[in-house]
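A short worksheet on the structure shown next.
The values are calculated or read from the model by the stated rules, or taken from the named source; none is laboratory data. Source: prediction; values computed, not measured. Here the Cβ positions follow ideal geometry from the backbone for every residue, glycine too, while neighbour counts run over all protein chains shown. Note: accessible area is taken over every heavy atom of the protein model, side chains too, but ligands, DNA and RNA are not part of it. Shrake-Rupley method; radii C 1.70, N 1.55, O 1.52, S 1.80 Å.
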Amino acid sequence: MGVLRAAAEINIFRSEVAFCREEVNRLERQTRRCNFRVVGLAGKSLEEDCASLVRSQILSKFPSITNAVEIEKCYREGRGQPNKPAHIVVRVASHEHKVDIMKQRRNALKDCPFFIVDDLTKRDLAEKRRWASQAKSLWDSGVKLRFYSGRWRGSLGEIYYFGPNP
């Protein structure tokens, strides 16, 4: 009887830990709401003024919103690799400005050697990569999926399940 009770308590603790992990990830996602990453933009050093670099190299390519965007924080994250510069994390003052940039990025940065991506948490990035090949094949077949709030979603915002529904 004592073993069964201990096993039941362990299961309760595991579910509480899983809930806490999800909650922490949700809170981290919320803090990154106004962030995006610039990948592949070379710079002089880690001590450079990333905000002016981003404003001159990237935001200048978005003429409709360049003057309205206020950069709160901008810094390089990580060391980078020999042929790959470290990512630049940019935090803008308004979520609406971030959404405008993300919507226009494909056309605005078409001929640039760098690109812009959403600043995802480690768990969200792992989830996105886990199903990326299946999402791409579905996209090619006409099913429009996008990744936000930690889940792959259909065109109406509903969660898309690749395997059996939980």
Hits in the range 28-60 - residues which are modelled with pLDDT of 90 or more, exposed (fewer than 14 other Cβ atoms within 10 Å of the Cβ) and out of contact with any Lys or Arg (no Cβ under 9 Å at 6 or more places or on another chain): GLN30, THR31
So VAL54, is it part of a helix (DSSP H, G or I) and hydrophobic (A, V, I, L, M, F, W, C): yes
Within the range 108-157, considering residues that are farther than 27 Å from ARG26 by Cα and of a type in the set (D, E, K, R), the one least open to solvent (accessible area, probe 1.4 Å): ASP140
Residue ID - nearest to the chain's Cα centre (by Cα), chosen from residues in the range 61-83 that are at pLDDT 85 or above and not aliphatic (A, V, I, L, M): GLU77
Odd one out for VAL89 among (1) open to solvent by 40 Å² or more (accessible area, probe 1.4 Å); (2) assigned to a strand (DSSP E or B); (3) of a type outside the set (Asp, Glu): (1)
